[in-house]
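Notes follow once the structure below has been shown.
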Amino acid sequence: MATAPVSLTPKFPGQYGEQRDWAWRGWQIRYTYVQPENPDPSAIPIILLHGFGASLGHWRHNVFVLGQSHPVFALDLVGFGATEKPQAPYDAYFWARQVHDFWQTFIRQPAIIVGNSIGSLIALTTAVEYSQMVAGLVLISVPDPAVRQEMIPAWCGPVVNWVEGMVAAPWLLKAIFYGVRRPGIVQPWAGIAYGDKSAVDQELVEILLTPAFDRGAANAFVQIIKSMTSLNFGPKVKPSLAQLEIPTLILWGEQDRMIPPQFASQFAACNPRISLKMLPQAGHCPQDEQPELVNELILAWIESNLRKKHTEVKR
């Protein structure tokens, strides 16, 4: 059962908003929120969901800008950030339940969910599973669990499964985890995901590295990686996008090395309610690489596609 939030000392200082803790299923969940100084009753709440290995701090350049005109909430998904890292049934559906219960506890009106990478898949899963809570989606670089299956010929499936089984061995994953949780490794690794490597600063390294020393972090990492190799990790993206009845914005960096940018147009073609913006100089995390542009695009899209309709519903 959820408990009332209590103010705690933020794990990361200042600029990430008003950080608090919330208990979900007995686990401690870290979240932050920013409220406009002059609240507008027609403003739609925004929920921000980070990607793999990140945390609410990955929205460091977005929370206050978006929060000037909208109530903004960002939360650490279970297993990441300053949130607890338990043995849990990690997959997109599990995290979508976390997002839904958070929304039900603190928001209780249709919200816009913005996600990056795995966070965007969780946002999409939430919209499919709990449509009543989602007014619109912003999906930044969406991974698709079905793509792996489509790209592997049937004849070599057993070989791929054997290799993945070896790679996903707990002892090996833990060795990798302990080996990479160093600034000298994290910084160049993060640079692979960024089109603009200058954005990989010391603050970002701290955001990515600090949670890796929390209790249970290694075991959670092993469970999450093993879950991500499963075809049941989350819903297939194309059918899920096709069934949406809400405005959706897809943002994709043209320099994304993690998920091929050509998927962007394929996903956008699934539904006429989807708008697509390609970002020429950005990689996998444009909200952190080009925050001014991303913030501008999100706010303009909300104004054009959601604000008027939301105001009419409020009346």
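The values are calculated or read from the model by the stated rules, or taken from the named source; none is laboratory data. Everything quoted here is computed from the prediction, not taken from an experiment. Here the Cβ is made from the backbone with ideal geometry for all residues, glycine too, and neighbour counts use every protein chain on show. To get the accessible areas, we keep the full protein, side chains included, count just its heavy atoms, and leave off ligands, DNA and RNA. Shrake-Rupley method; radii C 1.70, N 1.55, O 1.52, S 1.80 Å.
Taking amide hydrogens as placed 1.01 Å from N in the peptide plane, the amide H of Trp24 sits under 5 Å from those of Ile29, each at least 5 positions away in sequence or on another chain. The fraction of all Cα pairs in region 221-315 landing in successive 5 Å bins from 0 to the largest distance is 2, 12, 16, 17, 20, 17, 9, 5, 2, 0, given as whole percents.
Take Met278, Met258, Met133 and sort them by solvent-accessible surface of the protein heavy atoms, 1.4 Å probe, largest at the top.
Met258, Met278, Met133
Between Gln35 and Glu203, the contour length at 0.36 nm per residue exceeds the Cα-Cα span by 58.1 nm.
Accessible surface for Arg25 stands near 120 Å², nearest 10, in the context of the full protein assembly shown (1.4 Å probe). Counting protein heavy atoms only, region 174-261 has 56 percent of its accessible area on carbon and sulfur, 1.4 angstrom probe.
Note on Gln87 and Ile185: the extension gain reaches 32.7 nm, defined as 0.36 nm multiplied by sequence separation minus the Cα-Cα distance. In the context of the full protein assembly, Tyr31 retains an accessible surface of approximately 10 Å², using a probe radius of 1.4 Å and ignoring ligands and nucleic acids. Restricting the calculation to alpha carbons of region 23-63 gives Rg and Dmax of 13.0, 35 angstrom.
Place a point 7 Å from Cα of Ala242 in the direction of its Cβ. Which residues in region 263-301 have their backbone N less than 20 Å from it? Zone members listed by number: 263-276.
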